[in-house]
Amino acid sequence: MKLMVNGYEAHVATGGKKFEKNLPTVLFLHGSGLDHRSWALQTRWFAYNGFGVLAPDFPGHSLSKGAPCVTIEDSGKWLADFLDAMGVREAHVVGHSQGFLSALELSKLKPTALKSLIGVGTAAAIPVNPMLIETAERSPMKAADLMLQWGFGHQTQMGVSATPGMQPIAIGRQIMGNNPLAVDLQCCADYCGGVDAVGLVTAPSAMILAGQDKMTPIKAGLAIADHLQAKLVVLRNYGHMLPIEAPKQVLVALREFILSVEKQIGASSSS
Amino acid sequence: MGRSSYYHPDTMALHSGYVPESDHGSRAVPIYQTTSYVFDSVDDASSLFNVEQGGHIYSRISNPTVAVLEQRLAALEGGSGAICTASGMSALFTTFITLCSAGDHIVSSGQIYGSTATLLRHTLKRLGIETTFVSINDQGALEGAIRANTKMVFCESIGNPGLEVANLPQINSIASQHGLPVVVDATFAPPGLCNTIESGANVIVHSATKWIGGHGAAVGGVVIDGGNFDWEASGRFPELTEPYEPFHGIKFWEEFGPNALAMKIRAESMRDIGACMSPNNAFLLLQGIETLNMRMKQHIANTKDMVQWLQSQEQVTWVNHPDLPSNPSNAIARELFPNGAGSMLCFGVVGGRAGGGAFIDSLKLASNLANVGDSRTLVLHPGSTTHSRLTHDAMVAAGISEDLIRVSVGIEGIKDIQADFANGLRAAQRVAESQS
């Protein structure tokens, strides 16, 4: 669906079903250079199993118009405005990589908006080599190639795909190479508020981490999990692009955690 | 621009799409000779049917052995996804029927395989899909044939059997100005010879029966989604951008983006038409792919030798290969095929059609049959076989003359091929002498 946020048309995927705001909402946030399609195989399950799903393309990415956010703080503000525009008061917020940093900023601005917080293949800070940013400025496709070589684990590099017949590297490359990758990477490089933001999170949380993650090494993700006292799931044989390369395992981890949070909410509201 | 793997093509040909499975560690790709797959639970079944997770349901739709072949071919061509089919013709039909409906229109090269021409000219016309045939490298003719209801520009990267190389960058430039995808049958240009997607293709079709399989043992086809066409910006493809009712109103472009076409083919054509590849054929084709690049080097080397040798034979009246300056598409062939434009060649012999017949009937090593791309040398007289259903004008447009002999140069010892052909040329000579 399309909606206007801060004067620009935003695209938001709803998992193949009309968004119902009276259902528990799950908000999916994509990583650098990516879009809502990162979550293609998770959003559909939630939409068809009793949830309202929102997977927006951040401004200036793929199907959303407007200029891209130039800081993580801006993207957190945009998310708050987006939820207001949707009329959503609270959501389970799932962020992949950079999307998790934006979720942290949303949490800082609007702590009550988070029913739960889930980080997927991420950390509290994502330092980026300046040469990669320079490359992305000159040639987003070349930078995408570098990131995809690092981003996907061994099986995907070998052409194995969770969806029969498809090639995740080519799909990711087309999306990343045509999005404002350099701006996103600069946002990540500049962001240093993650640790403080993590300290302010009060919502229940989970971290789904990859054993072969070279972009946000697992050590950094484990540190946040510890800090947040988050439920921890480690998928050992996969790389940074977890939602795409291990979609079923990520879905299982997400639904177990989100359903458990919903159960707790249900139990406390009935007691 | 397409890229699906960061391995060298030789490595992709051996490994892409498969890592040894965990139960038994089978190094070769296992043949999953099964019709269907047990679901973990009713919920699991439901989520598979609703594309909430990847996986296999029924082998008409997808199969693990076939999926390895699909992923390997997508990797080799740099595509976002691939769907294998029962044959090259079913791959073409699937592509046409996925992108076109009654009332739509295709612009096609006139120089294409006879059965493809028949499919476009007769079968699709019966379904309300019209085709205009043009000389594909004629910019004015191509542009002039595009209509408001046109859905694609179709060509073969190397035309069969006229061996005209399609100027893919030029064709793409014209097609993209009109929001049209370029669909290329690249059967004569197997992966590795030409970077077909980078050159301008948005969708590639192969008859995998040919060089990809390479051993004349299995029939199969594939459609490769280049992932580089914006179906929404085009504005011509509601099939991909608007809700698809039989699938809970799914919007393929919105949900899958670069692999929207491949997903639509899987969801619709494989379900409705069911032209699936058998796992056993997929296994045989995978054996062929493993040595594709090595075989192609020998095919090309033998072809270069044969072209030169034929030109020096007095019974040969003409020789055609895209690498020859006399071929009208030689300049673009050199650009798109830096290592050689394939292993098909055509030539004429003294004695016209009768001379050609005598030549073919005298061969002992080369086989007279209706296939190409086998490791063995194959010959054919298209005018009386593959293209015999075409009218005289269509034959001329396809680049076929009465005396044309089509050769798919194999990888046998070059001296043995030449000796066999020398014998055939002497037979043609005798026919010519009897005519004078």
Across region B:131-175, the tally of residues that are surrounded by fewer than 18 Cβ atoms within 10 Å (Cβ to Cβ), of a type outside the set (V, I, T) and not in a loop (DSSP other than H, G, I, E, B) stands at 8
Of (1) in contact with a Gly (Cβ under 8 Å, 6 or more places away or on another chain); (2) within 14 Å of chain A (Cβ to nearest Cβ), B:M270 satisfies every one except (1)
Considering only region B:252-271, state which residues are under 17 Å from B:E52 (Cβ atoms), without any contact (Cβ under 8 Å) to a residue 24 or more places away in the chain and among the hydrophobic types (A, V, I, L, M, F, W, C).
-> B:F252, B:F256
Single unsatisfied condition, B:A341 versus (1) surrounded by fewer than 24 Cβ atoms within 10 Å (Cβ to Cβ); (2) assigned to a loop (DSSP other than H, G, I, E, B) = (1)
Count of residues meeting criterion [aromatic (F, W, Y) and closer than 20 Å to A:K77 by Cα] in region A:179-238 = 1
Restricting attention to region B:317-337, does a residue exist that is among the hydroxyl-bearing types (S, T, Y), within 14 Å of another protein chain (Cβ to nearest Cβ) and either assigned to a loop (DSSP other than H, G, I, E, B) or touching a residue at least 12 places away in the same chain (Cβ under 8 Å) (or both)?
-> no
For residues that are out of contact with any helix residue (DSSP H, G or I) (no Cβ under 6 Å at 6 or more places or on another chain), farther than 25 Å from B:A218 by Cα and not acidic (D, E), tally how many sit in region B:87-119.
-> 9
B:G128 more than 14 Å from chain A (Cβ to nearest Cβ), surrounded by fewer than 17 Cβ atoms within 10 Å (Cβ to Cβ) and either at positive phi or assigned to a loop (DSSP other than H, G, I, E, B) (or both) = yes
Can you spot a residue in region A:182-194 that is outside any helix (DSSP H, G or I), within 26 Å of A:A103 (Cα to Cα), within 11 Å of chain B (Cβ to nearest Cβ) and among the aromatic types (F, W, Y)?
-> no
Per the list (1) within 18 Å of the chain's Cα centre (by Cα); (2) among the β-branched types (V, I, T); (3) over 22 Å from B:G257 (Cα atoms), residue check on A:I175 breaks on (3)
When you look at A:T135, is it of a type in the set (S, T, N, Q), crowded, with 19+ Cβ neighbours inside 10 Å, modelled with pLDDT of 95 or more and assigned to a helix (DSSP H, G or I), yes or no?
-> yes
Would you be able to tell me the number of residues in region B:323-348 that are over 16 Å from B:T377 (Cβ atoms) and among the hydrophobic types (A, V, I, L, M, F, W, C)?
-> 7
Go through region A:149-176 residue by residue and tally those that are more than 8 Å from every other protein chain (Cβ to nearest Cβ), part of a helix (DSSP H, G or I) and touching a helix residue (DSSP H, G or I) at 6+ places or on another chain (Cβ under 8 Å).
-> 5
Can you pull out the residues in region B:350-385 that are in contact with a strand residue (DSSP E or B) (Cβ under 6 Å, 6 or more places away or on another chain), β-branched (V, I, T) and either surrounded by fewer than 18 Cβ atoms within 10 Å (Cβ to Cβ) or assigned to a strand (DSSP E or B) (or both)?
-> B:V379
Hits in region A:13-70 - residues which are aromatic (F, W, Y), crowded, with 23+ Cβ neighbours inside 10 Å and over 15 Å from the mean Cα position of the chain (by Cα) = A:W45, A:F46, A:F51
Being crowded, with 19+ Cβ neighbours inside 10 Å and assigned to a loop (DSSP other than H, G, I, E, B) is the filter; apply it to region B:231-241 and report the residue that is farthest from the other protein chains (Cβ to nearest Cβ).
-> B:R236
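Quick check on my filter: what residues within region B:179-194 are in a loop (DSSP other than H, G, I, E, B) and touching a helix residue (DSSP H, G or I) at 6+ places or on another chain (Cβ under 8 Å)? Talk me through it step by step, then tell me what you get.
First, pick out the residues of region B:179-194 that are in a loop (DSSP other than H, G, I, E, B): B:179-181, B:186-190, B:192-193.
The answer is B:G179, B:L180, B:P181, B:A186, B:T187, B:A189, B:P190, B:G192, B:L193.
I need the full set of residues from region B:242-257 which are surrounded by 17 or more Cβ atoms within 10 Å (Cβ to Cβ), more than 7 Å from every other protein chain (Cβ to nearest Cβ) and outside any loop (DSSP other than H, G, I, E, B), in order please.
Within region B:242-257, B:Y244, B:F247, B:F252, B:W253 qualify.
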All but one of (1) facing chain A (nearest Cβ under 9 Å); (2) of a type in the set (D, E, K, R); (3) part of a helix (DSSP H, G or I) hold for B:R3, so report the exception by its number.
-> (3)
Set B:A282, B:A267: member being surrounded by 24 or more Cβ atoms within 10 Å (Cβ to Cβ) and either closer than 30 Å to A:I171 by Cα or among the polar types (S, T, N, Q) (or both) | B:A282
Is it true that B:S199 is under 23 Å from B:N149 (Cα atoms), more than 14 Å from every other protein chain (Cβ to nearest Cβ) and hydroxyl-bearing (S, T, Y)?
-> no
Under the condition of being part of a helix (DSSP H, G or I), at pLDDT below 90 and not acidic (D, E), which residue from region B:386-423 is farthest from the chain's Cα centre (by Cα)?
-> B:H392
Show the residue pairs that are 6+ apart or on different chains and have beta-carbon atoms under 6 Å apart, the first residue being within region A:15-36 and closer than 19 Å to A:M147 by Cα, the second being charged (D, E, K, R) and crowded, with 23+ Cβ neighbours inside 10 Å.
-> A:S32/A:D184; A:G33/A:D184
Filter result (out of contact with any strand residue (DSSP E or B) (no Cβ under 9 Å at 6 or more places or on another chain) and not charged (D, E, K, R)) within region B:401-416 | B:I411, B:G413, B:I414
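The values are calculated or read from the model by the stated rules, or taken from the named source; none is laboratory data. Keep in mind that this is a model prediction, so the values were computed, not measured. FYI the Cβ positions are ideal-geometry reconstructions off the backbone, even for glycines, and counts take in every protein chain you see.
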